[in-house]
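Notes to accompany the following structure.
Here, each number is a calculation from the coordinates, and none is a lab measurement. Everything numeric in this text was worked out from a predicted model, so none of it was measured. Don't worry about glycine lacking a Cβ; one is built from the backbone with ideal geometry, like all the others, and counts go over all protein chains shown.
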Amino acid sequence: MSVLFTGATGFLGCRILRELLAGGGDEPVVVLGRGGEQSLRTRTEAALTWLDTPCLPPGALDRLRYLSGDITVPELGLSAQDRARTADGLTGIWHCAALLNLEGDPVPLYRSNVLGTRHVLDFAGHAPHARLLHLSTAYVAGRRLTGHVLEDDLSEEHGFQTSYEESKYTAERLVRAWARRGGRRATILRPGLLATDRPVPGHLPGQPLDALLRLIEHGLRARAALGRGLTRYLRNAGRRGDTLRIRIQADPDGEGNVVPAEYAARAMVRAAARTEEEAAVRTLHVTHPRNVSAEHLVAALRARYPAISVHLVPHVPDPTPFENLIAQQGAGVLGFSAQRRTYDRTNLLRAVGDLPGPEPVDHVYLARALDAGRTLLPA
Ligand SMILES: NC(=O)c1ccc[n+]([C@@H]2O[C@H](COP(=O)([O-])OP(=O)(O)OC[C@H]3O[C@@H](n4cnc5c(N)ncnc54)[C@H](OP(=O)(O)O)[C@@H]3O)[C@@H](O)[C@H]2O)c1
């Protein structure tokens with residue numbers, strides 16, 4: 001008996017894997033990932049051992065086996081021999097690997113998230129007793145802005161905000177069709193946007209909020225490069241009481257669902273254990289029970305960068321070059337500000353209702369999460 005795991009080096013993947021190992025047992029876990037097996041081991045162990053919770057039983061890392069593979073390649077890039085050896089006695093497949101770009105070219109997203117899932121499903125055909133745990137996202141709801149999204153809902157009628165959402169939607173469709181056709185069991189896990197308020201060292205996978213920091217700091221650095229010593233200006237501006245005003249076209253009443261990654265990983269591993277005997281497909285919203293408002297994010301940004309003031313406005317007349325840059329590069333992220341929808345959690349709570357809920361995610365949590373980001377401006 002063994003388990004296959006893709007995406008172990010990822011921000012969420014390594015947390016899920018640590019939870020799995022913390023649960024005890026001696027079932028080997030085969031980590032499939034890119035690069036040579038030694039480098040895969042080094043990267044996976046670095047991520048797993050930097051995290052200090054939950055506690056790992058002695059020898060937990062000895063359960064891990066490493067297998068060089070790539071989900072974008074047919075047969076996951078495995079030889080027939082490796083494929084047969086890995087599929088033999090497999091009881092579960094955690095498919096976490098994906099490409100998470102919110103902007104840019106849809107082709108690599110399709111290749112990783114749609115074809116990648118197709119290849120994992122093909123592989124699962126060789127392991128008839130393995131249940132699939134497929135990582136999707138609550139954002140497969142796409143441009144649906146309002147209402148209460150049920151866990152069984154999966155529709156393209158509203159379109160998609162980003163190619164990422166569309167690719168994850170298509171992957172989920174593939175999983176459902178595969179399970180139906182072959183009478184296979186699959187648990188589809190749909191987290192909200194994941195965050196952590198624990199500092200993440202530079203060599204480990206960062207959190208999605210880092211993208212926002214990168215965007216702002218990229219713009220600030222571009223201004224500093226004009227030779228005006230912006231870093232010094234920013235440092236002193238807070239003291240002087242003047243700020244750099246940035247207008248962003250977004251809805252101040254918009255909401256997003258941000259869920260602490262530690263809670264999400266714990267809930268998923270527990271839910272996987274408890275839905276084990278269930279037939280066919282079950283979908284779980286691993287979301288926060290309460291959305292966080294765009295204004296909370298603005299307040300958190302204010303705490304992180306006292307010398308800038310961000311304003312969400314319906315239109316930005318005469319944008320500055322920096323405001324233009326944010327509008328262009330942040331289009332995918334900023335579109336989320338139009339959302340008001342909420343997420344049903346019935347299946348999740350049925351599986352893990354006894355697990356303490358996630359801590360509140362508000363401007364205080366977001367400020368800590370942004371502080372934990374690693375793209376710090378030079379002092
Ligand atoms: N992070 C979020 O906020 C969030 C929210 C909702 C859903 N999700 C879903 O949760 C899952 C895990 O996300 P994450 O945060 O851990 O993502 P991540 O930090 O971006 O990590 C992606 C993982 O996928 C692996 N991978 C990418 N392309 C691959 C390929 N061609 N072959 C093999 N492995 C490949 C990466 O390996 P390398 O180390 O080689 O790059 C890495 O381990 C994804 O399915 C994502 O869609 C994430």
GNM flexibility winner over the chain from G36, G23, G92 (Cα, springs under 10 Å): G36
Cα centre as origin, Lys/Arg/Asp/Glu Cβ charges: the chain dipole, Debye: 660 debye
S39/A273 FRET efficiency (R0 25 Å; Cβ-Cβ; nearest 0.05): 0.20
Karplus-derived 3J(HN,Hα), 6.51/-1.76/1.60, for each residue of the stretch 357-371, Hz, glycine and proline x: x, x, 5, x, 10, 9, 5, 6, 4, 5, 5, 5, 5, 5, 5
Estimated distance in nm for a label pair at D371 and H126, the labels positioned 7 Å out from Cα along Cα-to-Cβ: 4.9 nm
Cut-off under 5 Å, modelled amide H: who pairs with V286 long-range: R190, G192
Using a Förster distance of 51 Å, the FRET efficiency for A280-S309 (Cβ separation, nearest 0.05): 0.50
Listed residues D197, D62, D251, most fluctuating in the chain (Gaussian network, C-alpha, under 10 Å): D62
Residues whose placed amide H lies under 5 Å from that of N101, excluding near-sequence neighbours: none
Whole-number percent relative contact order across the chain, with pairs defined as alpha carbons under 8 Å at least 6 apart: 20 percent
Extended-chain gain in nm, criterion 0.36 nm per residue less alpha-carbon gap, E75 and Q328: 87.3 nm
Extended-chain gain in nm, criterion 0.36 nm per residue less alpha-carbon gap, R181 and A46: 44.7 nm
The stretch 282-301 versus the stretch 87-115: alpha-carbon centroid distance in Å: 24 Å
The chain: antiparallel DSSP beta bridges as a percent of all, rounded to 5: 5 percent
Karplus-derived 3J(HN,Hα), 6.51/-1.76/1.60, for each residue of the stretch 168-178, Hz, glycine and proline x: 6, 4, 4, 4, 5, 4, 4, 5, 4, 5, 4
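Suppose the chain between R290 and L145 were pulled fully straight at 0.36 nm per residue; how much longer would it get relative to their current alpha carbon spacing? Kindly include the intermediate steps, with their values, before the conclusion.
Details: separation 145, 0.36 × 145 = 52.20 nm, distance 1.57 nm.
Separation in residues times 0.36 nm, less the Cα-Cα distance, equals 50.6 nm.
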For L64, residues with placed amide H under 5 Å, excluding near neighbours: V29
Residues listed by number, the stretch 330-373, amide nitrogen under 12 Å from H158 label point at 7 Å toward C-beta: 336-344
